[in-house]
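The structure under discussion appears below in the form of structure tokens.
The values are calculated or read from the model by the stated rules, or taken from the named source; none is laboratory data. Treat the numbers as computed from the prediction; the structure is a model and nothing was measured. Note: ideal-geometry Cβ built from the backbone for every residue, glycine included; neighbour counts use all protein chains shown. Keep in mind that these areas ignore ligands, DNA and RNA; they rest on the heavy atoms of the full protein, side chains included. Shrake-Rupley method; radii C 1.70, N 1.55, O 1.52, S 1.80 Å.
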Amino acid sequence: MDDSMSGDYGSSEPSGNGCYAGYLGWCSTCDYEGSCICGKLQNGMSDFFLMDRSRWDEAVIVCPVFEPLLIGCYALLTLFALHALYQVVGALRVQAQIAFKRRHRTSVHVPLVVMSGALLAGVAIVCYASTKIIFPEAAAGIHPAVSIILWVKGSATSFTGEAHLLHMFSVALSTQEASLGRQRVAEAIQHKLRKCILKSVIYSLVVMTPLVECICVATGETLSTEALAAFAVSYNLCEAARIGSGGLLLRIEARQLLLSFERSIEAAQAGIVVAGGGAAHLPSFQAHNAALQPDDPSVPQYLQPLLKEHRDLKEAHANIQTNVLVMAKSWRNTGIYHLVLVMLAPTWNKLGYFIALQMVGYTYIMRLYARVYGAARRHQRAEGIVQQV
């Protein structure tokens, strides 16, 4: 009999009928070997932390998967994902039309890349949910197809997020061309592009836990309950590390960008003062003309480009600041979510439900991407700072 069935595993105690009872759950009916007998609508094929060890000729510990609940969760996820995909496809068409009009440009149309990544992630979510509905016994980390789809989804979400950040920072940096020069701005964007590609590759490797476990299972080697528990914990730790490091790097990069913007705003302010008659007129400018717009008829024509630059810089600074706060809050909450799952051992063999909940959250992000890059934003300035998810 597997050691996990004894009272020593996880400080558990056998129930009165010799079945397992501990932090992994409890079994009310088991055979003479102590293997749990699952009900008609239950199974022990839990994601990552497999409770049904019959593939290794060992006992079923408990039956944590209640199939109607699991199917219901993924059916709901499928509805959310299909609705999000409908909006993503609409936004993708808008960006494809824009990219076609700009096809003679050498640069890549990043919003099209963002929506393509969101489409891939959405399709992966639908495929994952559909597989879980049809085959509720297909466990992530054990079943090859489910494991591959889960990895694709994780990689696609990371790629999409990095592409969105690249676009947000690129549009913001473009407003600094007058103060920094086109060459410096282009170099800064190229540097940001290389960092985004590197982070996407690293994050794709970080989320490979399902594939690593699946490969270990495919070798035919018997994985102990401790090893399976380690995979379940590793999945959540890797997600928390990916999201936490992304949030930390975002804050560092945003702080540097905001400082650069503040210097550019000061330079633009000084240019307006000089053009408006010198420092002696600065108080009156701040008091009387601070609200002037470049298209205001009362503004002298020679001041309009300077005012426009000043306005664009301030808008970019404010949008970056707001967007980074929103992103950091979202990533912080998601990271905490995974850390809580790490600390709550009873959830380790019930990750199927929590993965569904996490994916529902990402469908909301997909809808926000679609809102940002879709037809609803066509009335805004084409080069405006996008609102961050």
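Quick notes on this structure:
- Label-point separation in nm, L41 to A96, each point 7 Å along Cα→Cβ: 4.2
- In this simple spin-label model, placing a label point 7 Å from the Cα along the Cα-to-Cβ direction at both R182 and H104 gives a separation of 1.6 nm.
- Among the listed pairs K101/K132; K153/K308; K199/K314; K40/K329; K192/K329, those whose Cα-Cα separation exceeds 32 Å are K101/K132; K153/K308; K40/K329.
- Straightening the chain between V212 and A270 buys 15.1 nm, computed as 0.36 nm per residue apart minus the Cα-Cα spacing.
- Accessible surface of H310 - all protein chains present, 1.4 Å probe, nearest 10 Å²: 30
- When segment 19-94 is described by a simple charge dipole with +1 on each Lys and Arg Cβ and -1 on each Asp and Glu Cβ, the residue from Y86, G44, P64 located farthest towards its positive end is Y86.
- Accessible surface area normalised per residue over segment 316-362 is 44 Å², counting heavy atoms of protein chains with a 1.4 Å rolling probe.
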